[in-house]
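Enquirer: To start, I am sharing the structure in question, which I have written as structure tokens.
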Amino acid sequence: MRRIISFLVFLLVFWCSSAACGKVYIDINSPAFQKFPVAIPEFKNLGKTGAEEKLSVWFADQLSRTLKITGFFKIISKDAFLEDQNSSGITTGEIDFSDWSSIGSDFLIKGGFSYSGKKLAVEFRLFDTIEGKLITGKKYWGKPEEKKTMVLKFADEILMALTGRGGVFDTKLAFVGRKGNRSEIYTINFDGSDPLKITTYNSLTLLPRWSPNGSEISFTSYKTGNPDCYIKNLTRKKTRKISRFRGLNLLTSWSSDGKKVLLVLSKDGNEDIYIKHLRSGRLQRLTRNRSIDVSPMWSPDGRKIAFVSNRSGSPQIFVMDSEGKNVRRLTFEGSYNSSPCWSPDGTRIAYEGSSNGRFQIFSIGENGDNPVQLTFEAGGGESPSWSPDGRYLAFSSKRGGRRRVCVINSNGLNLRIMPGIKGIELFKSPSWSGHLNLY
Amino acid sequence: MRRNLITGVLVLVCSFSLIFVAGCAKEQTVKSDAELTQAQQSAEEAAALKEQALKEQALKEQLLAEAAAFQDIPFDFDNYDLKPESRELLEKLADWLLEHGDFEATIEGHCDNRGTAVYNLALGERRAGAAKAYLVNLGVTGAKITTISYGEELPEDPRDCEEAWAKNRRDHFIVFPKKQ
């Protein structure tokens, strides 16, 4: 999926004084975390040609929107701005930082653009208004149509500078979109842009899962009658059938090297968990139980598998080792807990549980300690999927009478509903990709 | 004169064809009233055949109507135990399948949309399997019954309320003539 990047990135020129003397990052997962207040005035036209008013506004708006989506920034309203835009510039010497700190904006982003020939050059600078210092700056050259990519790249720089880790701007969500009695697999960018239809089988197609490198998506489809399992290569546009036993063929997890998958098969009468080695095709059975055993997912290090079983009466989450041994029950509260999803750092497992008759999203320590309810609204939540940086969870929830894909920060705040797609009545089963190196 | 000749030829041709048609008949001489009887008989036979076909068609339609009339059986939430009234219905279905050996059945297991899509696929599988096991216990050949789970994907009633959920937690039966 790596797109050939046709524009050049130049690390500048701007040096961050505080970076050189060891940075103190802000812990955005701390309960006490307050969103970074940031002001983003219109970008300056640094070139000689005029008539680019729109672009000035576009950059400021696009960057505001992008940062807002992360859930870590409070964008200061333009109405509060004190600075005289005509007399100020975009470098440290040309900015009166008290204009910004006095309106509560701890951070300021300034930028400017110019054309050289057909290339667009854009500078971005992030300032600390309290210290009156530049934190980081970048200049990008590219085709005018690559301007959004430039914004996303700088947004990533901002997160890196303030938190020590970049964002998930180069990730996508795959999900099921249903209309009537047919459903297909779709993908959409992290920010809700560019929805894409991945399957067109005019059948029931379910349960998308990204391969670790994002080049493939697996799913189960009834297109030939039986719920069989397929893998589609997104670059070569080729689909192969990988499991077609009579009964259920469900793929719910890929190993981190992409060589093995976890399947649920019901060919022997019970739903049991198997490892399938993709190259050799070898099947390795992990559970032999008369109960329902479904939804297996490997821990990020591959040493453990979380799964759902009703062996103790109702669906609960269990953990076993990767050979299927040492099974222990993880969830004890509530009569229905399912859809385990391991956090990328391996410390927590998100799941859905029934709470007062509704399903909501929870997470629990991988040892079973400290269960936390993350969603509370009437629309409920099902099928959680972590972002690759562990900062967000996607899930499905009923909004305005319809099931939609939603995203929250992993602390449960900053709910965002992904945009709908025309003609599709219901969205569910989101799966978050890894980093796709899109930019 | 010429008209008489044509009539004569026609009569001759007709007689020959009648002899040819009745070639297997024992009587060597063909009388005209016998011819009439024979024609009448074949008309009656055709009518009888037609009637037979109609009857068969009606019977087939009746069977298909009977086959299509087996109602869905309901289930409780997160449960695949057969209810007593479902057992009665399955007994009727078993009798019917045993009586009509040239019919087969597909059992679809369905769930309401609460809980996990994946878990519901398994639950639907169990619901279909429970009905199949019951039919097999009653003597129906297992090979005549296929099961498939649609989980929560094909609700009968798409609303989110107890009434709709109850309708959606079901086994649906498709009974059809054995494919030749």
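The values are calculated or read from the model by the stated rules, or taken from the named source; none is laboratory data. These numbers come from a predicted model, not from an experiment. Note: ideal-geometry Cβ built from the backbone for every residue, glycine included; neighbour counts use all protein chains shown.
Enquirer: Residues of the range A:287-310 being farther than 22 Å from A:PRO388 by Cβ and of a type outside the set (A, V, I, L, M, F, W, C), which ones? So that I can check it myself, show each step before the final result.
Expert: Kept after step one, since they are farther than 22 Å from A:PRO388 by Cβ, are these residues of the range A:287-310: A:287-294, A:308-310.
Matches in the range A:287-310: A:THR287, A:ARG288, A:ASN289, A:ARG290, A:SER291, A:ASP293, A:SER309, A:ASN310.
Enquirer: To continue, here is another question. Just one of A:GLY313, A:GLY247 is within 11 Å of another protein chain (Cβ to nearest Cβ), at positive phi and at pLDDT below 95; which is it? So that I can check it myself, show each step before the final result.
Expert: On the way: A:GLY247 fails: at pLDDT below 95.
Residue meeting the stated conditions: A:GLY313.
Enquirer: For A:THR235, state whether it is β-branched (Val, Ile, Thr) and under 30 Å from A:SER64 (Cβ atoms). Walk me through how you get there before you give the answer.
Expert: Details: β-branched (Val, Ile, Thr): yes; under 30 Å from A:SER64 (Cβ atoms): no.
No; evaluated as a whole, the condition is false for this residue.
Enquirer: Any idea how many residues of the range A:340-396 are aromatic (Phe, Trp, Tyr) and either surrounded by fewer than 19 Cβ atoms within 10 Å (Cβ to Cβ) or within 14 Å of chain B (Cβ to nearest Cβ) (or both)? Write out each step before concluding.
Expert: Step one: filter the range A:340-396 for residues aromatic (Phe, Trp, Tyr), giving A:342, A:351, A:359, A:362, A:376, A:386, A:392, A:395.
Filter once more, keeping what is either surrounded by fewer than 19 Cβ atoms within 10 Å (Cβ to Cβ) or within 14 Å of chain B (Cβ to nearest Cβ) (or both): A:351, A:359, A:362, A:376, A:395.
Total meeting the criteria: 5.
Enquirer: If I filter the range A:397-426 down to residues being touching a residue at least 40 places away in the same chain (Cβ under 8 Å) and within 12 Å of chain B (Cβ to nearest Cβ), which single residue comes out as nearest to B:ALA117 (Cα to Cα)?
Expert: The qualifying residue nearest to B:ALA117 (Cα to Cα) is A:LEU426.
Enquirer: Which members of the range A:60-98 meet the condition of being touching a Phe, Trp or Tyr at 6+ places or on another chain (Cβ under 8 Å) and either part of a helix (DSSP H, G or I) or touching a residue at least 60 places away in the same chain (Cβ under 8 Å) (or both)?
Expert: A:ALA60, A:LEU63, A:THR66, A:LEU67, A:ILE69, A:GLY71, A:PHE72, A:THR92, listed by residue number.
Enquirer: Yes or no: A:SER335 surrounded by fewer than 23 Cβ atoms within 10 Å (Cβ to Cβ), in contact with a Pro (Cβ under 9 Å, 6 or more places away or on another chain) and within 19 Å of A:SER383 (Cβ to Cβ)?
Expert: Values: surrounded by fewer than 23 Cβ atoms within 10 Å (Cβ to Cβ): yes; in contact with a Pro (Cβ under 9 Å, 6 or more places away or on another chain): yes; within 19 Å of A:SER383 (Cβ to Cβ): yes.
So A:SER335 passes the test.
Enquirer: Out of curiosity, is B:ALA128 under 24 Å from the mean Cα position of the chain (by Cα) and buried (at least 22 other Cβ atoms within 10 Å of the Cβ)? Working first, answer last.
Expert: Values: under 24 Å from the mean Cα position of the chain (by Cα): yes; buried (at least 22 other Cβ atoms within 10 Å of the Cβ): yes.
It is true that B:ALA128 is under 24 Å from the mean Cα position of the chain (by Cα) and buried (at least 22 other Cβ atoms within 10 Å of the Cβ).
Enquirer: Continuing with the same structure: Could you go through the range A:59-80 and let me know if any residue there is hydroxyl-bearing (Ser, Thr, Tyr), farther than 27 Å from A:GLY412 by Cα and surrounded by fewer than 17 Cβ atoms within 10 Å (Cβ to Cβ). Walk me through it before giving the result.
Expert: Filtering the range A:59-80 down to residues hydroxyl-bearing (Ser, Thr, Tyr) leaves A:64, A:66, A:70, A:77.
Then keep just the ones that are farther than 27 Å from A:GLY412 by Cα; that gives none.
Taking every residue of the range A:59-80 in turn, none turns out to be hydroxyl-bearing (Ser, Thr, Tyr), farther than 27 Å from A:GLY412 by Cα and surrounded by fewer than 17 Cβ atoms within 10 Å (Cβ to Cβ).
Enquirer: Exactly one of (1) more than 11 Å from chain B (Cβ to nearest Cβ); (2) more than 26 Å from the chain's Cα centre (by Cα); (3) small (Gly, Ala, Ser) is unmet by A:SER211. Its number?
Expert: For A:SER211, the exception is condition (2).
Enquirer: Give the residue, chosen from A:LYS260, A:LYS276, A:LYS223, A:LYS238, that is away from every other protein chain (no Cβ under 14 Å) and within 26 Å of A:GLY177 (Cβ to Cβ). Walk me through it before giving the result.
Expert: Working: A:LYS260 fails: within 26 Å of A:GLY177 (Cβ to Cβ); A:LYS276 fails: within 26 Å of A:GLY177 (Cβ to Cβ); A:LYS223 fails: away from every other protein chain (no Cβ under 14 Å).
Going through A:LYS260, A:LYS276, A:LYS223, A:LYS238 in turn, the sole match is A:LYS238.
Enquirer: Out of the residues in the range A:34-62 meeting the condition of being modelled with pLDDT of 90 or more and among the β-branched types (Val, Ile, Thr), tell me which one is farthest from the chain's Cα centre (by Cα).
Expert: A:VAL57
Enquirer: Show me the helices (runs of 4 or more DSSP H) entirely contained within the range B:80-180 in which 1 or more residues are within 9 Å of chain A (Cβ to nearest Cβ), closer than 27 Å to A:PRO296 by Cα and in contact (Cβ under 8 Å) with a residue 24 or more places away in the chain. Step through it out loud before you land on a result.
Expert: On the way: elements: B:84-99, B:117-137, B:162-168.
Fully inside the range B:80-180 and qualifying: B:117-137.
Enquirer: Could you please find all residues in the range A:49-58 being in contact (Cβ under 8 Å) with a residue 40 or more places away in the chain and loosely packed, with under 15 Cβ neighbours inside 10 Å?
Expert: Result: A:THR49, single match.
Enquirer: Which members of the range A:206-228 meet the condition of being of a type in the set (Gly, Ala, Ser) and not in a strand (DSSP E or B)? Talk me through it step by step, then tell me what you get.
Expert: Our first condition is that a residue be of a type in the set (Gly, Ala, Ser); within the range A:206-228, this holds for A:211, A:214-215, A:218, A:221, A:225.
Within the range A:206-228, A:SER211, A:GLY214, A:SER215, A:GLY225 meet the criteria.
Enquirer: What are the residues in the range A:81-97 that are surrounded by 15 or more Cβ atoms within 10 Å (Cβ to Cβ) and in contact with a helix residue (DSSP H, G or I) (Cβ under 6 Å, 6 or more places away or on another chain), if any?
Expert: A:GLU83, A:SER88
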